[in-house]
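Worksheet: the structure to be examined is printed underneath.
The numbers here are math on the coordinates, done by the rules we state, and not lab data. None of the values given here were measured: they were computed from a predicted structure. Cβ: placed from backbone, ideal geometry, glycine included. Neighbour counts: every protein chain shown.
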Amino acid sequence: MNVEFEYRARIDAMSTIERVRRAEELFHWSRDYLARAILAARGPMPDDRLKWEVALRQYGSDPAARELIDELRTRASR
């Protein structure tokens, strides 16, 4: 059995809704993983700060996204 072939067959058998749900679940899993990694490295922090740290970890390599995140974080702290 070829694992790649079996994987593709199962993905192809999914409906559009199932594929979108799967993508959403993977996105949430990756965000939760990042949050756990940040907390393990930096220790406990308020949920609001953790939210911004996760956003920076996900999108911070893009200068425009980093600027927007920083701006939104500044606004939220006022």
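Summary table below
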item	result
Footprinting exposure proxy for 52, 29 (fewest neighbouring C-beta atoms within 10 Å first)	29, 52
Net length gained if the chain between residue 14 and residue 70 were fully extended (0.36 nm per residue, minus Cα distance)	16.3 nm
Per-residue ³J(HN,Hα) for segment 53-65, Karplus 6.51 cos²θ - 1.76 cosθ + 1.60, θ = phi - 60°, Hz, x for Gly and Pro	5, 5, 4, 5, 5, 6, 10, x, 6, 8, x, 5, 5
5 angstrom amide H check on residue 45, placed H, neighbours 5+ away	none
